[in-house]
């Protein structure tokens, strides 16, 4: 499975429009999805946040036939609650104290999940248990001036 973005490369700086200052999710491209996958799930977080990981985006039941996310386009999927209890892409308050790391995790699943929009990342991870066919990460950074 492969996860890329036309906006940034693995380990590089994410353009400002896709940080807390811009507020848009970067475009993502999914490829080489396993043949047995029914749905995909995506979690975006900052695992190094001083007060624990911040979940920016939690989404599941993305059809396995979808080839990515176009920034700003509606998703045919379920968007759960992020760390700020919002059902949207969001990075919460901007922090100029440190560089932020955004980790995009894509999961290929063999089922369609039955979770409500109130579900969090923890709920998603529990529901995905024993149903993950493949997973991949894409990491980008945001410098202190734009996080």
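Residues in the stretch 72-90 that are under 16 Å from residue 19 (Cα atoms), at pLDDT below 80 and surrounded by fewer than 17 Cβ atoms within 10 Å (Cβ to Cβ): 72 alone. Just one of the listed residues (40, 3) is surrounded by fewer than 21 Cβ atoms within 10 Å (Cβ to Cβ), touching a strand residue (DSSP E or B) at 6+ places or on another chain (Cβ under 6 Å) and either free of Cβ contacts under 8 Å to residues at least 24 places away in the same chain or part of a strand (DSSP E or B) (or both), and it is 3. Checked against (1) at pLDDT 95 or above; (2) surrounded by fewer than 21 Cβ atoms within 10 Å (Cβ to Cβ); (3) in contact with a helix residue (DSSP H, G or I) (Cβ under 7 Å, 6 or more places away or on another chain), residue 58 passes all but condition (2).
Within the stretch 91-108, does at least one residue satisfy the condition of being closer than 20 Å to residue 40 by Cβ, assigned to a loop (DSSP other than H, G, I, E, B) and at pLDDT 95 or above? No, that holds for no residue. The single condition from (1) touching a residue at least 60 places away in the same chain (Cβ under 8 Å); (2) at negative phi that residue 67 fails is (1).
Residues that are at pLDDT 85 or above, touching a helix residue (DSSP H, G or I) at 6+ places or on another chain (Cβ under 7 Å), surrounded by 14 or more Cβ atoms within 10 Å (Cβ to Cβ) and in a strand (DSSP E or B) are absent from the stretch 112-121.
The values are calculated or read from the model by the stated rules, or taken from the named source; none is laboratory data. Just so it is clear, the structure is predicted and the values come from calculations on it, not from any experiment. Every residue, glycine as well, gets a Cβ built from its backbone with ideal geometry; the counts of neighbours run over all protein chains shown.
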